[in-house]
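Just below is one structure, and these are the notes that go with it.
The values are calculated or read from the model by the stated rules, or taken from the named source; none is laboratory data. Here the structure is a predicted model, which means the values were calculated and not measured. Virtual Cβ from ideal backbone geometry, glycine too; neighbours counted across all protein chains shown. Heads up: the accessible areas ignore ligands, DNA and RNA and are worked out on the full protein's heavy atoms, side chains in. Shrake-Rupley method; radii C 1.70, N 1.55, O 1.52, S 1.80 Å.
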Amino acid sequence: AIINLEDVSHITFLERHAGLPDLVCFRYNPGSTRTGNVIIGHPEDAKYGFTREQLFEGYRALRDKGVKRFGIHTMVASNELDPMYFVETAEILFTLVTEISRELEIRFDFVNIGGGIGIPYKPEQPAFNLGAMAEAVEGLFGDFRAANGYQPGLSMECGRFMTGPHGVLVTRAINHKAIYREYVGVDACMSAL
């Protein structure tokens, strides 16, 4: 498993309760430098992740404690249909990894540009252009390799994009509630999606 920490205080907690593994990843919250979308909201309003400054502090602390391998992750969109959104996210992460690598003299094993690739729910919505995104991110990845002399792994989380068009969720109504609106409770939850 890859340990993906959400806060600088988690370093001490992890060290005390489980020990520090050889590989640790941090989740980055870009704050107001990146827009979210209507589903996931704006990053600066979210509880997740490290700020830019906290990343430098956290990776420095891990390096000084003997951790040798590092990863970085972010997740700032959900059901996004614009491929350039993910290209911009990749560019932000590659730039940040370059700065952290140089300042702290560490290398990253991987960069996870998150997920949130959308699927069209309405006939007038375009399908996500995975090829356009991949081509643009591949160019950024090549630029990173040329500038830094190494190439971390690159990953993405594509849950909805992979499974959404290929199945259905079958559930049944188990209760009704009438307050200011009418609600129907079902025997499924978000994790079932």
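With respect to G185, is the statement that it is over 25 Å from M84 (Cα atoms) and either open to solvent by less than 90 Å² (accessible area, probe 1.4 Å) or not in a helix (DSSP H, G or I) (or both) true? Steps first, please.
Details: over 25 Å from M84 (Cα atoms): yes; either open to solvent by less than 90 Å² (accessible area, probe 1.4 Å) or not in a helix (DSSP H, G or I) (or both): yes.
Considered against the rule, which asks whether it is over 25 Å from M84 (Cα atoms) and either open to solvent by less than 90 Å² (accessible area, probe 1.4 Å) or not in a helix (DSSP H, G or I) (or both), G185 comes out as yes.
So which residues in region 98-120 are modelled with pLDDT of 95 or more, in a loop (DSSP other than H, G, I, E, B) and open to solvent by less than 60 Å² (accessible area, probe 1.4 Å), if there are any at all?
Passing the criteria: only I106.
Among the residues of region 137-147 satisfying the criterion of being in contact (Cβ under 8 Å) with a residue 24 or more places away in the chain and open to solvent by 30 Å² or more (accessible area, probe 1.4 Å), which is farthest from E88 (Cα to Cα)? Steps first, please.
Let us first name the residues in region 137-147 that are in contact (Cβ under 8 Å) with a residue 24 or more places away in the chain, namely 137, 140-141, 143-144, 147.
From what's left, open to solvent by 30 Å² or more (accessible area, probe 1.4 Å): 140, 143, 147.
Values: L140: 10, D143: 14, A147: 18 Å.
Once the filter is applied, the top-ranked residue is A147.
Quick check on my filter: what residues within region 121-137 are assigned to a loop (DSSP other than H, G, I, E, B) and of a type in the set (D, E, K, R)?
To start, the set of residues in region 121-137 that are assigned to a loop (DSSP other than H, G, I, E, B) comprises 121-129.
Those that are assigned to a loop (DSSP other than H, G, I, E, B) and of a type in the set (D, E, K, R): K122, E124.
Scan region 1-21 for residues that are closer than 13 Å to V67 by Cα, open to solvent by less than 60 Å² (accessible area, probe 1.4 Å) and not aliphatic (A, V, I, L, M) and jot them down.
G19, P21
Across region 150-169, which residue is surrounded by the most Cβ atoms within 10 Å (Cβ to Cβ) among those that are part of a loop (DSSP other than H, G, I, E, B) and at pLDDT below 90?
In the first step, residues of region 150-169 are kept if they are part of a loop (DSSP other than H, G, I, E, B); the result is 150-152, 158, 167-169.
Still in the running and at pLDDT below 90: 158, 167-169.
Values: C158: 14, G167: 8, V168: 5, L169: 8.
Step by step, filter region 150-169, then rank; the result is C158.
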